[in-house]
Protein chains: 4
Amino acid sequence: MTRAADIAVVTGVVLMTLLTVAPAYDLLHRWIDTFLWVCLAFFVFEWGVRLRHAMMTQRLPAYLLSVRGLVDTASALAVPLALVLGVESRTAWLLGMFWLLKGLPGIRGLRQLRRVIVQESGPLFSVLVIFLMVLFLASVMVYLLERDVQPATFGSIPAALWWAVATLTTTGYGDAVPITPLGRLIAAFVMICGLGVFGLWTGILATGFAAETRRDNFLRTWESVSKVPFFASLGPAAIADVTQMLRTMDLPARTMIIRKGQAGDCMYFIASGEVEVDLPGKKVLLRDGAFFGEMALLGNNLRSANITTTRVSQLLVLDLVDFRMLMARHPDLAETIDAEAKRRALENQ
Amino acid sequence: MTRAADIAVVTGVVLMTLLTVAPAYDLLHRWIDTFLWVCLAFFVFEWGVRLRHAMMTQRLPAYLLSVRGLVDTASALAVPLALVLGVESRTAWLLGMFWLLKGLPGIRGLRQLRRVIVQESGPLFSVLVIFLMVLFLASVMVYLLERDVQPATFGSIPAALWWAVATLTTTGYGDAVPITPLGRLIAAFVMICGLGVFGLWTGILATGFAAETRRDNFLRTWESVSKVPFFASLGPAAIADVTQMLRTMDLPARTMIIRKGQAGDCMYFIASGEVEVDLPGKKVLLRDGAFFGEMALLGNNLRSANITTTRVSQLLVLDLVDFRMLMARHPDLAETIDAEAKRRALENQ
Amino acid sequence: MTRAADIAVVTGVVLMTLLTVAPAYDLLHRWIDTFLWVCLAFFVFEWGVRLRHAMMTQRLPAYLLSVRGLVDTASALAVPLALVLGVESRTAWLLGMFWLLKGLPGIRGLRQLRRVIVQESGPLFSVLVIFLMVLFLASVMVYLLERDVQPATFGSIPAALWWAVATLTTTGYGDAVPITPLGRLIAAFVMICGLGVFGLWTGILATGFAAETRRDNFLRTWESVSKVPFFASLGPAAIADVTQMLRTMDLPARTMIIRKGQAGDCMYFIASGEVEVDLPGKKVLLRDGAFFGEMALLGNNLRSANITTTRVSQLLVLDLVDFRMLMARHPDLAETIDAEAKRRALENQ
Amino acid sequence: MTRAADIAVVTGVVLMTLLTVAPAYDLLHRWIDTFLWVCLAFFVFEWGVRLRHAMMTQRLPAYLLSVRGLVDTASALAVPLALVLGVESRTAWLLGMFWLLKGLPGIRGLRQLRRVIVQESGPLFSVLVIFLMVLFLASVMVYLLERDVQPATFGSIPAALWWAVATLTTTGYGDAVPITPLGRLIAAFVMICGLGVFGLWTGILATGFAAETRRDNFLRTWESVSKVPFFASLGPAAIADVTQMLRTMDLPARTMIIRKGQAGDCMYFIASGEVEVDLPGKKVLLRDGAFFGEMALLGNNLRSANITTTRVSQLLVLDLVDFRMLMARHPDLAETIDAEAKRRALENQ
């Protein structure tokens, strides 16, 4: 149903856009109207289903007050309500813009973004306050300097604020530009502040993102590591070490992971799923907990066989860099990999 | 009083803005004038109180010369002085923009921002000097190239500087644009330099911010860690380790920290305050030094009870990632948590 | 042949540019036409050679469907095809813009960039979706607010989208500017969102780049380290340590690496190649596996001799910072360097 | 002499600026001309002195071909040569812009910036090439789409390139704006690419800067650490550790370092110089190798005495964060500081 909702949202957005383009609407207004009604019907239906489900699980108030519930309600009711209230039909349909918000929960990584913003809210807010202060002070000063010279564009503080925000964000429309020397000096200062605000903001977000990425990766990998028996024998210190080094990779069925003859710089552990090794003369299947591609890390740079997933699989990837460090810190682990690699090499000769 | 001052500042800013909007002022000038006088009276009163306090503690000169003292004095005296000197009333009130500066000390995280800027002042200043050099050299060159073609916009170096600053900051008003081929080539170079300056500035600030965040977090956490008896038994090495991993969290009373049934990925230590665990059939109170939420880190992913603060509390948060590492490096600590968790599980069965 | 292709691409780009400048074309059209035909001939020839080679190695379909193959085919056929189809000659030649894509595989570091973008594609995509949502919502709202006031610039949602994209990216052409107060408020919000999108994007890329740089450097250095016998005696832990600290440096023949009398803060290991040490009275040659410049790290800050490569060489650079840490962690390594340095000092006295 | 040169450069820049402002020049042309000649005389004299010094140390060709030598020569000769060749006087003086380049070697941190740019030149160059490719391809496409609609602004590829560079850098002058739907689509894509280029560039520089800052700080601190006898007893591992944690601080004479009653979060070691501790009833002088402010790190948060430098001093600062870690890793060091602190506390009671 999520896929269907996505299609309905995109269709709705395209239709709303066409609705406002006079030639397109004149030509296609039957189709546009019909499809808009279809979209609306879909969202009303979806809302109904969810309402019913919420009622049956006795969570109706919680659903109605949640972000998702509010978006669903607005998506279903805004357009009909506007039509009933006598709003002009083409304007009413534009309230379908609430449909777009339905996409929000589907964005992968949004949770990560939100966590960064929450964690760094302190400094981000400080920068915002400084931003607003510079904005207002610059507006008052430029208003005082320019109001007599350009009463049309700098005739009030709101007008000056409009100039200031376009300048501080370095947008620079050019519809309001100071012309007195002092006004221009202040404007130059505001522009340079703009760069500074930018820089601070980015610096804060970059810092937060680095921390969050590390954390997120650990959490995702941790679960998979515990599924690989190979690591189970390790002590907790080694497991924490290994978890930080691995990277998870989700693959659909029939995806080629390793291509024969290519240069390789990582090895793989199978957290779940199955892969097929296409050796000369025979095909070997590897399942949960097995590893492959270790030859590339043990000196043989070129991959010696094609390896493909046979069903949806989750792999853990270990880069050459990290393999070296792991070998250094946990020699027993390295020995196990080494022994297995030799066994395989013998077997395949 | 800080809250009152904040309200007065925001009111003042809104009133000053309205003052300059002709229709609003015509309609509401009585109200606007009255409230502006109220705001002013508030700031004069606040200044008086602080002056008196400074005199009584014999710190009058120190107060008057401090940033806060200067802002207070300007806030109280600027508008009356302007009115006395015969400045037109609506212009005089705009000097109330000094009121805005009163907000500065209240910005959380401003100290952190200032430290970053001080620490990185060397490279930031270098970038600024390069910025100014590019600015002047580009201005002279474009002035030479464009002065004959566009005497109105590039007729002097200050005019060319105005163009250069709008270009180098990538604001690009469009009121001054070179039209000779060579002038445009220089302009293109200036724009690309602008990106470079941006990048350098941001890079510097990001680096500084990462270091400062780490430092700031350590300082804030360190104090709280010492209040948790649980950590007191650790050696200094372990305490330094733990401090780097914890994050402080200040919560008001009656805030839900853990919601039953949600997925959890961190545990909490109570640095100060009290929380209520809402177990089936009974309510347990946990106080300073206790910990909770550890089940989530020991394999049971879903929270098993609602937990709420009963008064203003300070918690230390330990993420799953860091818990794993801590366990690895300090097994005794992990055992204590493990034992307590088992004891609780038994008790609650 | 790569060098020749680069020249042909640059020549082609210059010629296409000149082609569209009326005065230049009138003056030089014979030369421009001739050289364009030469460029085209070159690319057709190159395509032919590659086709033949692909056919002989029986990889024709793979080549034709690879990015390189498609670019080669388009470069060779687009212009002639357009000419044959009767497209006006000067327009047809502009299809030579495909030639530019031939430069892509030659960009050093492009692989690194691509890896960063792939690794961080999750959060980057999230930001893009947020970007598009803000874009559409702002467009609809500004369209509703401005369509009656400025029907020419905000008369449809596509027109409003054009304004929104120029605003959200802080480009700000100024050809479409909201004039209603509410429209301007939304515009201000969009601009500030623009800064935020920027900041997030940059933060994500910066994080990814830091990880990728570390990884890339390790991989490049690892191979070279194994060529230096000096490190061969180290255990795997030490080798992983050393590899992280070293930096590779590829030098052409007859390049001066160390200049006598300069301050030095790093030492060098020769991974491959040969250098000449210009000692007073004699010249010493150092080959693969040797090291030099270690005096600078052992207290003597000024370089005591000129050192120059005699042929293409690859060096491993060890900075003072890292040398200190290495010394601390692997005292045996430090002793070897120390002993060799003393031996050399005695020999040179 | 450097200070004098800085003054001459700034004076020259101001004079050149005034020279082009008609009213200012009419009023002050005697003064402006006189001072410009004085500046020029200064630079010619400086050049002469340096030439002579270079001749006496037999480094004349090296000096003349160095960046500094070229700038000096251009500064001294450009204006007189232009005047002799009959260039109009006010234009000739503008060649004084070479004077500005004299400031370059004086920029602190420029070396650090240059190192970052050199180290990261690979990826930076890749981004630049991508930038140029997007630029040219977008120009050609927009030229094809817009040339018939707006022949004045998009009549040739150079004209389209001008638009593209202003768009890709998000400057957006607004003098050239596509108006066809397809042209606007390409423009939107170019703007978003602009954000990406920005982001990549910044990400690369931020990464490089983080590495360089760490390195630079280590180098500067290393020298000073060796001057503090207190650290001399440590093994090399501990010294490398300590060096990474300390930060150098250069202070002029009579600067207050610690103010009584303030909160403290760092301690200081004297690398060179002297400080005066203003204890009640007596003044204590501390010299090279001594440390102070350690009480703040041992539990007593408020500084107990004013401490001022008596002459130019170099201090090493150890933050609370790092002190904790140092204590954890090197308990003997912590004991020494602890013992000294107790001795002082006893003495001062």
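At 1.4 Å probe size, with the rest of the protein present, what percent of the exposed accessible area of the range C:195-344 is carbon and sulfur atoms?
Details: 3330 of 6180 Å².
Of all accessible area on the range C:195-344, carbon and sulfur atoms account for 54 percent.
Work out from phi, with θ = phi - 60° and the Karplus expression 6.51 cos²θ - 1.76 cosθ + 1.60, the ³J(HN,Hα) of each residue of the range C:330-346, listed in order in whole Hz, and give x for Gly and Pro.
Rounded to whole hertz, the list is 10, x, 4, 4, 4, 5, 4, 4, 4, 4, 4, 4, 5, 4, 5, 4, 4.
Scan the range B:38-137 for GluC sites (Glu not before Pro) in coil per DSSP, keeping those whose Cβ has at most 12 other Cβ atoms within 10 Å, and list them by number.
Numbers: sites: B:Glu46, B:Glu88, B:Glu120; in loops: B:Glu88, B:Glu120.
Here the GluC sites (Glu not before Pro) that fit, given the DSSP loop and packing criteria, are B:Glu88.
Quick one: net charge of B:Val71's neighbours, Cβ under 15 Å, K/R +1, D/E -1?
Neighbourhood net charge equals 0.
Non-local amide H neighbours of A:Ser313 (under 5 Å, H modeled in plane, Pro and chain starts lacking H): which ones?
A:Leu251
Just the ratio, please: alpha-carbon radius of gyration of the protein assembly as shown over 2.2 N^0.38 Å, N its number of residues.
1.01
Accessible area, 1.4 Å probe, largest first: how do D:Met256, B:Met267, D:Met56 sort?
D:Met56, D:Met256, B:Met267
Does the range B:106-169 come out rounded, prolate or oblate, given a ≥ b ≥ c as the square roots of the eigenvalues of its C-alpha gyration tensor, rounded meaning a/c under 1.5 and, failing that, prolate meaning a/b above b/c?
Prolate.
Normalised by the number of residues in chain C, what is the relative contact order in percent for Cα pairs under 8 Å and 6+ residues apart?
Reported relative contact order: 11 percent.
Using modelled backbone amide H atoms (1.01 Å from N, in-plane), which distant-in-sequence or interchain residues come within less than 5 Å of A:Ile257's amide H?
Here the answer is A:Ile307, A:Thr308, A:Thr309, since their amide H atoms fall under 5 Å of that of A:Ile257.
Once the Cβ-Cβ distance between B:Ser272 and D:Ala152 is put in as r, and R0 is 60 Å, what FRET efficiency do you end up with, to the nearest 0.05?
0.25
Ignore the peptide's own chain and count Cβ atoms of other chains within 10 Å of each Cβ in C:19-28; give me the average, rounded.
That works out to 3 on average.
With each pseudo-label sitting 7 Å past Cα toward Cβ, what's the D:Arg214-B:Leu302 distance in nm, one decimal?
Placing both labels 7 Å along Cα→Cβ, they lie 4.3 nm apart.
Inter-copy label distances at B:Arg30, 7 Å along the Cα→beta-carbon direction, one decimal in nm, shortest first?
6.4, 6.4, 9.0
With every protein chain present, what is the per residue accessible area of chain B (1.4 Å probe, Å²)?
47 Å²
Using alpha-carbon pairs under 8 Å, 6+ residues apart, how would you state the relative contact order of the range B:92-187 in percent? Don't jump to the answer; show the numbers that get you there.
Values: 54 pairs, mean separation 21.9, N = 96.
Once normalised by length, the contact order is 23 percent.
Taking 25 Å as R0, compute the FRET efficiency from the Cβ-Cβ separation of A:Val14 and A:Leu77 and round it to 0.05. Walk me through the numbers before you get to the answer.
Numbers: r = 22 Å, r/R0 = 0.89.
With a Förster radius of 25 Å, E is 0.65.
How much net charge surrounds A:Leu83 when only other residues with a Cβ under 15 Å from its Cβ are counted (Lys, Arg +1; Asp, Glu -1)?
Once positives and negatives cancel, what remains is -1.
When the helices in chain D are scored as -39500 (n - 2.57) per DSSP H run of 4 or longer and the sum is shared across all residues, what 222 nm value do you end up with, to the nearest 500 deg cm²/dmol? Working shown, then result.
Numbers: 13 runs with 219 residues, N = 349.
-21000 deg cm²/dmol, from helical runs alone.
Mind listing, in residue-number order, the residues in the range A:162-189 that have at least 50 Å² less accessible area with every protein chain present than in their own chain alone (1.4 Å probe)?
Those residues are A:Trp162, A:Thr169, A:Thr170, A:Thr171, A:Gly172, A:Tyr173, A:Val177, A:Arg184.
For the range D:154-271, restrict the atom set to alpha-carbon positions and state the Rg and Dmax in Å.
Spelled out, the Cα radius of gyration and Dmax of the range D:154-271 are 26.6, 76 Å.
Can you run phi through the Karplus equation (6.51, -1.76, 1.60; θ = phi - 60°) for the range B:180-188 and list ³J(HN,Hα) in whole Hz, with x for Gly and Pro?
In residue order, the calculated couplings are 6, x, 5, x, 5, 4, 4, 4, 4 Hz.
Cα to Cα, under 30 Å, and not fewer than 8 places away if on the same chain: which lysines meet these conditions relative to A:Lys260?
A:Lys227, A:Lys282, A:Lys283, A:Lys342, C:Lys102, C:Lys227
How high is the relative contact order of the range B:187-283, given as a whole-number percent (alpha carbon pairs under 8 Å, six or more residues apart)?
The value is 28 percent.
What is chain C by shape, rounded, prolate or oblate, if you read a ≥ b ≥ c off the alpha carbon gyration tensor as root eigenvalues and call it rounded for a/c under 1.5, prolate for a/b larger than b/c, and oblate otherwise?
It comes out oblate by the Cα gyration axes.
Give me the orientation-averaged projected area of the Cα convex hull of the range D:211-349, in nm², one decimal.
8.2 nm²
Peptide A:208-216: average number of partner chain Cβ atoms within 10 Å per residue?
Across the residues of A:208-216, the mean count of other-chain Cβ atoms within 10 Å is 6.
If eta is 1.002 mPa s and T is 20 °C, what Stokes-Einstein diffusion coefficient results for the range C:57-186, Kirkwood Rh from Cα pairs, in µm²/s? Don't skip to the end; give the middle numbers.
Numbers: Rh = 19.0 Å.
Rounded, D is 113 µm²/s.
Which loop-located trypsin sites (Lys or Arg not before Pro) does the range D:97-139 contain, where loop means any DSSP state but H, G, I, E or B and the Cβ has at most 16 other Cβ atoms within 10 Å?
On the way: sites: D:Lys102, D:Arg108, D:Arg111, D:Arg114, D:Arg115; in loops: D:Arg108.
Taking the range D:97-139 and a limit of 16 other Cβ atoms within 10 Å, the loop trypsin sites (Lys or Arg not before Pro) found are D:Arg108.
Report, to the nearest whole %, how much of the accessible area of the range B:6-156 belongs to carbon and sulfur atoms, 1.4 Å probe, protein only.
Answer for the range B:6-156: carbon and sulfur cover 71 percent of the accessible area.
Provide the buried accessible surface between chains C and D in square angstrom, both chains summed, 1.4 Å probe, rounded to the nearest 100.
When C and D are taken together, about 4500 Å² of accessible area is lost.
Rounded, prolate or oblate, given the Cα gyration tensor of the range A:261-322, with a/c below 1.5 counting as rounded?
oblate
Lys and Arg at +1, Asp and Glu at -1: add these up for the other residues within a Cβ distance under 12 Å of C:Thr336 and post the number.
Here the count lands on -3.
Going from most exposed to least, what order do B:Asp332, B:Asp72, D:Asp338 have by accessible area with a 1.4 Å probe?
Descending accessible area places them as B:Asp332, D:Asp338, B:Asp72.
How do D:Cys39, D:Cys193 stack up against each other in accessible area, from largest to smallest, with a 1.4 angstrom probe? Before the final figure, lay out each step's value.
Numbers: D:Cys39 10, D:Cys193 35 Å².
Of D:Cys39, D:Cys193, the descending order of accessible area is D:Cys193, D:Cys39.
What list of ³J(HN,Hα) values in whole Hz, one per residue of the range B:21-28 in order, does the Karplus curve 6.51 cos²θ - 1.76 cosθ + 1.60 (θ = phi - 60°) give from phi, with Gly and Pro shown as x?
Once θ is set to phi - 60°, the couplings for the range B:21-28 become 8, 3, x, 5, 5, 4, 6, 10 Hz.
The values are calculated or read from the model by the stated rules, or taken from the named source; none is laboratory data. What you see is a predicted model; the values in this text were computed from it and never measured. Please note: Cβ atoms are built from the backbone with ideal geometry, for glycine as well, and neighbour counts cover all protein chains shown. Note: accessible area is taken over every heavy atom of the protein model, side chains too, but ligands, DNA and RNA are not part of it. Shrake-Rupley method; radii C 1.70, N 1.55, O 1.52, S 1.80 Å.
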